[in-house]
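Enquirer: Mind having a look at this structure? Questions to follow.
The values are calculated or read from the model by the stated rules, or taken from the named source; none is laboratory data. Here the structure is a predicted model, which is why all the values come from computation and not from measurement. Don't worry about glycine lacking a Cβ; one is built from the backbone with ideal geometry, like all the others, and counts go over all protein chains shown. Just so you know, the surface numbers come from the protein's heavy atoms only, side chains and all, with ligands and any DNA or RNA stripped out. Shrake-Rupley method; radii C 1.70, N 1.55, O 1.52, S 1.80 Å.
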Amino acid sequence: MTLLKVEQISFQYSTEKMLIDKLSFEVLEGESLGIIGPNGCGKTTLLKLILGILKPIKGIIYLEGMDISKMTLGKIGESIGYVMQNPERQLFMPSVAEEITYALHIRGWKKKMIQNKLEEMIDFFDLKELEHVSPFTLSGGEKQILALAAVSVLKPRLLILDEPTTGLDPLRKAKLGYFLKKLQKNGLGLILVSHDLSFVKNFCSDTLSFYSAYRSI
Ligand SMILES: Nc1ncnc2c1ncn2[C@@H]1O[C@H](COP(=O)(O)OP(=O)(O)O)[C@@H](O)[C@H]1O
Ligand SMILES: [Mg+2]
């Protein structure tokens with residue numbers, strides 16, 4: 001099944017230069033797409049278009065068959081889990097446990113269900129020892145895993161990570177990769193924006209490169 005279909009989208013911030021020009025691609029269930037390209041070529045912008053935060057000037061983006069221009073940001077957010085380029089910006093709760101369960105609290109989940117879900121996530125992401133720790137004291141790699149856990153809690157169909165390996169040592173990179181593979185076993189689609197070509201090669205079945213487009217400008 002096609003999770004995401006990007007059809008001939010174009011986008012520009014200023015009138016001088018088209019940043020994204022008639023771009024098309026698809027992400028299928030269980031598939032992982034690596035997006036690579038130099039700094040400033042429009043990778044994060046593309047993610048914001050997919051999330052509905054920005055609107056394409058031309059073209060249509062379909063999420064599970066629905067035109068996202070007809071969906072609310074909340075509805076899009078139910079299908080997509082987004083870990084930002086700097087995940088620290090999306091962590092704001094006093095403890096790891098509260099960070100993971102925040103989305104469940106605001107959706108009115110029952111206490112017992114929240115507790116069960118928390119245990120499942122702590123177990124899946126191996127966070128037992130950090131459960132009561134403040135997210136702000138975590139290392140870069142731990143923050144990345146926590147942000148991933150917090151966006152995975154509502155079982156998104158598509159997971160988007162923007163430059164997740166920045167600043168991670170090989171061990172933490174491998175750990176992140178391990179959880180991504182584990183998540184993908186459940187049929188999740190994955191979009192991974194990265195400078196790290198070997199990481200992309202290891203974890204993505206397909207690659208979208210901005211390099212050639214960039215060179216031709
Ligand atoms: N809100 C904005 N307004 C105007 N220009 C922007 C804005 N955000 C990003 N840009 C510009 O758009 C280009 C692409 O940015 P971005 O998508 O963040 O690139 P990447 O993620 O590939 O490094 C850059 O030249 C950047 O300066
Ligand atoms: Mg970026």
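Enquirer: Scan the range 71-86 and tell me whether some residue there is modelled with pLDDT of 95 or more, within 16 Å of ligand 2 (Cβ to nearest atom) and open to solvent by 10 Å² or more (accessible area, probe 1.4 Å).
Expert: yes
Enquirer: Please go through (1) in contact with a Ser or Thr (Cβ under 7 Å, 6 or more places away or on another chain); (2) in a loop (DSSP other than H, G, I, E, B) for ILE114 and return the number of the only condition it doesn't satisfy.
Expert: Condition not satisfied by ILE114: (2).
Enquirer: While we're on this one: Among the residues of the range 69-95 satisfying the criterion of being outside any helix (DSSP H, G or I) and within 11 Å of PRO135 (Cα to Cα), which is nearest to the chain's Cα centre (by Cα)?
Expert: LEU91
Enquirer: For the range 40-51, what are the residues that are assigned to a loop (DSSP other than H, G, I, E, B), within 12 Å of ligand 2 (Cβ to nearest atom) and touching a residue at least 60 places away in the same chain (Cβ under 8 Å)?
Expert: CYS41, GLY42, listed by residue number.
Enquirer: Could you check the range 143-168 and list, in sequence order, the residues that are open to solvent by 60 Å² or more (accessible area, probe 1.4 Å), away from ligand 2 (no atom under 16 Å from the Cβ) and without any contact (Cβ under 8 Å) to a residue 40 or more places away in the chain?
Expert: LYS155
Enquirer: Continuing with this model, one more query. Read through the list (1) aromatic (Phe, Trp, Tyr); (2) open to solvent by 10 Å² or more (accessible area, probe 1.4 Å); (3) over 17 Å from GLU88 (Cα atoms), then give the number of the only condition that PHE136 fails.
Expert: Single failed check for PHE136: (3).
Enquirer: Any idea which of (1) assigned to a strand (DSSP E or B); (2) open to solvent by 70 Å² or more (accessible area, probe 1.4 Å); (3) within 13 Å of ligand 1 (Cβ to nearest atom) is the one LYS22 doesn't satisfy?
Expert: Tallying (1) assigned to a strand (DSSP E or B); (2) open to solvent by 70 Å² or more (accessible area, probe 1.4 Å); (3) within 13 Å of ligand 1 (Cβ to nearest atom), LYS22 fails exactly one: (3).
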